[in-house]
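Novice: Here it is, the structure, as structure tokens.
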Amino acid sequence: MLELRNVSKEFVNNRRETVPAISDVSLSVSAGDFISIVGPSGSGKSTLLFIIGALMNPTEGDVLFRGRNIYETSPSVRAKIRLEEVGFVFQTFNLIPYLSALDNVAVPAMLTMNSRKDAVERAADLLERFGLGARLDHRFSELSVGERQRVAICRSVINNPALILADEPTGNLDPAMTHEVMALFQELNKSGHTVIVVTHEEEVAAYAQRVLHLRDGVFTNGTGSCERDCASTVA
């Protein structure tokens with residue numbers, strides 16, 4: 001499904017110095033994988049996730065999604081990929097504060113469906129499935145932290161994307177809610193979604209089938225040390 005070939009990303013700091021964030025990273029992701037990328041703050045894991053999700057051009061290298069190099073396509077094609085093929089979940093939720101939970105989830109579907117009614121119905125079904133049926137009309141300020149993250153997850157899957165990308169999705173959650181949210185990702189993976197989560201917590205990474213370690217912009221020798229059996233230890 002997804003392949004990174006020798007991907008690097010550099011930034012220029014305030015002193016006009018070139019700073020590497022990702023260096024010569026290669027990765028192959030198959031449909032149905034559940035992968036965690038774990039590393040300390042500043043290791044480059046969020047940058048890597050944004051590159052995978054067609055949000056940030058690499059400085060060098062190729063990113064192939066379904067065999068097509070996404071950074072050789074037009075901006076409109078990349079936007080279509082982000083809308084229809086990739087679902088994003090962010091640590092800070094990125095919900096629209098003046099919209100209800102229902103409308104926050106429905107917005108992406110409204111961009112792909114001809115019927116607002118159908119989009120809202122699909123959003124309501126998702127929120128009900130994730131235990132938020134009684135919170136449809138609540139706005140951001142009226143939701144708990146855990147509820148906000150569940151709304152964000154519902155929004156990420158409203159268009160049934162093939163790939164779900166989550167950037168530190170449990171960073172603001174207590175241990176009980178962390179387990180609940182990661183169990184939701186396991187459920188989504190079992191239902192057919194490919195999932196990639198980046199985190200600085202080994203305990204969170206262990207929910208995945210495959211754990212990759214990133215440090216200073218490169219995968220370490222521990223890459224792939226946990227293959228296909230991590231989830232059984234925490235489920």
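Here, each number is a calculation from the coordinates, and none is a lab measurement. Note that this is a predicted model, so its numbers are computed, not measured. Ideal geometry is used to build each Cβ from the backbone, glycine not excepted, and the neighbour counts take in all protein chains shown.
Novice: To make sure I understand the rule: partners must be lysines, Cα under 26 Å from the Cα of Lys190, and not fewer than 8 residues away in the same chain. Which ones qualify?
Specialist: Within the straight-line limit of under 26 Å, Lys190 reaches these lysines: Lys45, Lys80.
Novice: Using a 7 Å offset from the Cα along the Cα-to-Cβ direction at both Ser26 and Arg129, what is the distance between the two label points in nm, to one decimal?
Specialist: Here the modelled spin labels are 3.7 nm apart.
Novice: While we're here: So what is the calculated 222 nm ellipticity per residue for the chain, using -39500 (n - 2.57) for each DSSP H run with n of 4 or more, over all residues, to the nearest 500 deg cm²/dmol?
Specialist: On the way: 7 runs with 75 residues, N = 235.
So the helix-based figure for the chain works out to -9500 deg cm²/dmol.
Novice: Using the Kirkwood radius built from alpha carbon pairs, what does the Stokes-Einstein equation give as D for segment 86-160 at 20 °C and 1.002 mPa s, in µm² per second? Kindly include the intermediate steps, with their values, before the conclusion.
Specialist: Values: Rh = 11.9 Å.
Stokes-Einstein gives a translational diffusion coefficient of 181 µm²/s.
Novice: Let me ask something else about it. Highest mean first, what order results for 30-38, 131-139 on Cβ atoms within 10 Å?
Specialist: Details: 30-38: 19.4, 131-139: 14.6.
Put in order of decreasing packing, that is 30-38, 131-139.
Novice: Test of understanding: in a Gaussian network model of the chain with alpha carbons linked when under 10 Å, which of Leu143, Leu163, Leu102 would top the mean-square fluctuation ranking?
Specialist: Highest fluctuation of the listed residues: Leu143.
Novice: Would you tally the net charge around Gly39, using a Cβ to Cβ cut-off of less than 13 Å, leaving Gly39 out, and scoring K and R as +1, D and E as -1? Kindly include the intermediate steps, with their values, before the conclusion.
Specialist: Values: positive: Lys45, Arg215; negative: Asp167, Glu168, Glu201, Glu202, Asp216.
Summing Lys and Arg as +1 and Asp and Glu as -1 gives -3.
Novice: Give me the one-decimal nm value for the distance between modelled label points at Ser115 and Glu72, 7 Å along each residue's Cα-to-Cβ direction.
Specialist: Once both label points are built, they end up 4.0 nm from each other.
Novice: Using the Karplus curve 6.51 cos²θ - 1.76 cosθ + 1.60 with θ = phi - 60°, what ³J(HN,Hα) values do you get for each residue of segment 68-84, in whole Hz, with x for Gly and Pro?
Specialist: 10, 6, 5, 8, 9, 9, 6, x, 5, 5, 5, 5, 5, 4, 4, 6, 9
Novice: Among DSSP beta bridges whose residues both lie in the chain, state the antiparallel percentage, nearest 5. Intermediate results must be reported in sequence, preceding the final value.
Specialist: Details: 20 of 39 bridges.
Taking every DSSP beta bridge with both residues in the chain, the antiparallel ones total about 50 percent.
Novice: Separate question: Find out how many positive minus negative residues lie around Lys9, taking Lys and Arg as positive, Asp and Glu as negative, among other residues whose Cβ is under 11 Å from that of Lys9.
Specialist: On the way: positive: none; negative: Glu10, Asp24, Glu60.
Result for the neighbourhood of Lys9: -3.
Novice: What whole-number distance in Å separates the alpha-carbon centres of segment 1-34 and segment 99-138?
Specialist: The two parts, judged by their Cα centres, are 34 Å apart.
Novice: Given springs between every Cα pair under 10 Å in a Gaussian network model of the chain, which of Arg210, Arg150, Arg16 has the largest fluctuation?
Specialist: Arg16
Novice: Let me ask another. Please report the net charge: other residues with Cβ closer than 13 Å to the Cβ of Val86, K and R +1, D and E -1. Walk me through the intermediate numbers first.
Specialist: Working: positive: Arg66, Arg78, Lys80, Arg82, Arg155; negative: Glu84, Glu85, Asp167.
Overall, the nearby charge balance is +2.
Novice: Would you mind calculating the relative contact order of segment 86-160 from Cα pairs under 8 angstrom and at least 6 residues apart, reporting the percent as a whole number? Don't skip to the end; give the middle numbers.
Specialist: Details: 92 pairs, mean separation 36.7, N = 75.
Across segment 86-160, relative contact order equals 49 percent.
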